[in-house]
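Engineer: Quick one: the structure is below, questions incoming.
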Amino acid sequence: MNKNLKITVLTPEFYSYGALLIAGILRDQGYPVKLQKGFKEAINADIVFISLQSTIHLIKYQKELSSVDAFKVVGGPVTLSPALILDCLPVDLVVVGEGESTIYNILQLWEDHPPISGSDFKDIPGVAFKEGDQTIITSKGTANSLQRPLPFIPTDIASENIRGANVYLETHRGCPGNCGFCGVPCLFGREVRSRPLEDILNEVKYLLSKGARKIAISGGTGSLYGSNKFKNVDEEAFVELLREISKLTGPKNLTIPDVRVDLISDPILEAIKNYSNGWVFFGIESGSDRVLRQMKKGITVDQIREAVEMARKHGVKTAGSFIVAYPGEEEEDFQDTMDLADELMLDDYFVSIAEPIPGTDLGDKVSQLPLEDNLLFQDSLKYKRQGLSVAEERALDLMVESYVFRSFPIALSQNLLKDLQNEVKSQGDHIKTVTLLIKNQYQPR
């Protein structure tokens, strides 16, 4: 092992779990690894492993990554489209899919023969690189074991706020669902692989000892922990998971971010009430059965109603995520969504414009959809003065009305309205850029 090899794990905006995990593996192998958030501090390294979470990062950090003088390796959810990464960013190698075993292989090759270019890794499974103008993707890597070293925890982890948590903790990988907008089954597969409970609890103890306080469990759909088959939830495994983590964190500091409406039960909801902060986040997405079918969501509006009613009976607070302007969404579909949101009177709402992740079914649809047929590129008549698109109009209308719909209505002040308009515009600009990028029509300003 070359202990003089300088390695940095870089995460641009927040400490992603993947970055913490990779840095922990490198530390466990004896390498002097540095974990860095953002680009304010100069990077002095031989190898930089870069964790990217969003397609927009492929544009947002081009300049910063160009100034990094090191062998650059990209991993994270964006790797569903390695060719896009290599076209956009000045990097040497992309880790395609799960990265733990691939990292070992990369470092082993480096020890034997320091590489000159990405093509030196042509015999390693699960990577991609440029050879001239062509993107080369090697053979598919195998699914990694979920038994691994403890993650690398930075000293300022307590200052992180990722949807209310200091850190997201992985309990399992994979999802048998088929949602067209989701990258989880594309990245991790459709088989659910759960971590041993003992390993999870040891990790929670370690996180707490390093200053983390608020922990969210993740893996796609929280209640799939311990399950092997879709719609066959292992209630006992999930309840035990929450109960044992809660003993360490306290219920108020444990969050279960996402649960499907068709993967709940009375014992699961009771466990969420007793062992977590008492919130359940449902992926509702649409009030139109037709659009839910377009999304390949696998649920119905009636199931949404039943799940919300079940949660209320257990005293669990409900939040719902909604996606507007999905390809094929008509005005009457959007009105159905507005009506359902009004009817449900949730405790909180999250509204987003459909974002095409490259490599997903939605990404493929949007890449083939002419811009003139994309609601994000059609001018709104209602908000013409504000320069909004039809997609942004729908997002804004649902956001505004959600403050009236919710269980405890909130008065809509001018400041709040302005904030919502800015949020919608920011979302729209972001997704327009991603859309043009995956359609190969993006032109730098």
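Engineer: Taking the beta-carbon count within 10 Å as an exposure proxy, list His57, His430, His113 from fewest neighbours to most.
Structural biologist: Numbers: His57 21, His430 17, His113 8.
Going from least to most buried by this count: His113, His430, His57.
Engineer: With angles folded into 0 to 90 degrees, how steeply does helix 301-313 sit against the dominant principal axis of the chain? Use alpha carbons for both and round to 10.
Structural biologist: The angle comes out near 90 degrees.
Engineer: Still on this structure, I have one more. With axes computed from alpha carbons, what is the tilt in degrees of helix 266-275 against the longest principal axis of the chain, rounded to the nearest 10 within 0 to 90?
Structural biologist: Rounded to the nearest ten degrees, it is 70.
Engineer: Amide H of Val324 versus every other amide H placed in the peptide plane: which residues, excluding those fewer than 5 positions away on the same chain, fall under 5 Å?
Structural biologist: Placed amide hydrogens put Ser352, Ile353, Ala354 under 5 Å from Val324.
Engineer: Also, I was wondering about something else. Can you run phi through the Karplus equation (6.51, -1.76, 1.60; θ = phi - 60°) for segment 427-441 and list ³J(HN,Hα) in whole Hz, with x for Gly and Pro?
Structural biologist: Running phi through 6.51 cos²θ - 1.76 cosθ + 1.60 with θ = phi - 60° gives 4, x, 4, 4, 6, 4, 4, 4, 4, 5, 5, 6, 8, 6, 10 Hz.
Engineer: Now a separate question. Among Val74, Val261, what is the fewest-to-most ranking by other Cβ atoms within 10 Å?
Structural biologist: Fewest-to-most Cβ neighbours within 10 Å comes out as Val261, Val74.
Engineer: How large is Rg/Rh for the chain, to two decimals, with Cα atoms and a Kirkwood Rh?
Structural biologist: Radius of gyration relative to Kirkwood radius: 0.96.
Engineer: Let me ask you something else. What Cys residues in the chain have no fellow cysteine's beta-carbon under 4.7 angstrom?
Structural biologist: That list is Cys88, Cys175, Cys186.
Engineer: Still on this model: Could you order peptides 196-202, 349-355 by the average number of other Cβ atoms within 10 Å of their residues, highest first?
Structural biologist: Those peptides, ordered most packed to least, come out 349-355, 196-202.
Engineer: Between segment 320-342 and segment 36-53, what is the separation of their alpha carbon centroids in Å?
Structural biologist: Spelled out, the Cα-based centre of one part sits 40 Å from the other.
Engineer: With a 10 Å Cβ neighbour count serving as the proxy for reagent exposure, in which order, fewest first, do Tyr15, Tyr206, Tyr31 appear?
Structural biologist: Listed from fewest to most nearby Cβ atoms, that is Tyr206, Tyr31, Tyr15.
Engineer: Starting from the Cα gyration tensor of segment 91-214, take the square roots of the eigenvalues, sort them a ≥ b ≥ c, and report rounded, prolate or oblate (rounded when a/c is under 1.5, otherwise prolate if a/b is larger than b/c, else oblate).
Structural biologist: prolate
Engineer: Here's another thing I want to ask about it. Which links in Lys37/Lys130; Lys34/Lys210; Lys63/Lys140 stretch past 24 Å when you go from one Cα to the other?
Structural biologist: Pairs exceeding 24 Å: Lys37/Lys130; Lys63/Lys140.
Engineer: So, one more: Tell me, in nm to one decimal, what length is gained between Glu240 and Asn440 on full extension, where the rule is 0.36 nm per residue of separation less the Cα-Cα distance?
Structural biologist: Values: separation 200, 0.36 × 200 = 72.00 nm, distance 4.78 nm.
Computed gain between Glu240 and Asn440 is 67.2 nm.
Throughout, read-outs are computed from the coordinates displayed, never taken from laboratory work. Quick caveat, the model's predicted, so the values are computed rather than measured. In this analysis, Cβ positions are derived from the backbone assuming ideal geometry, glycine residues included, and neighbour counts consider all displayed protein chains.
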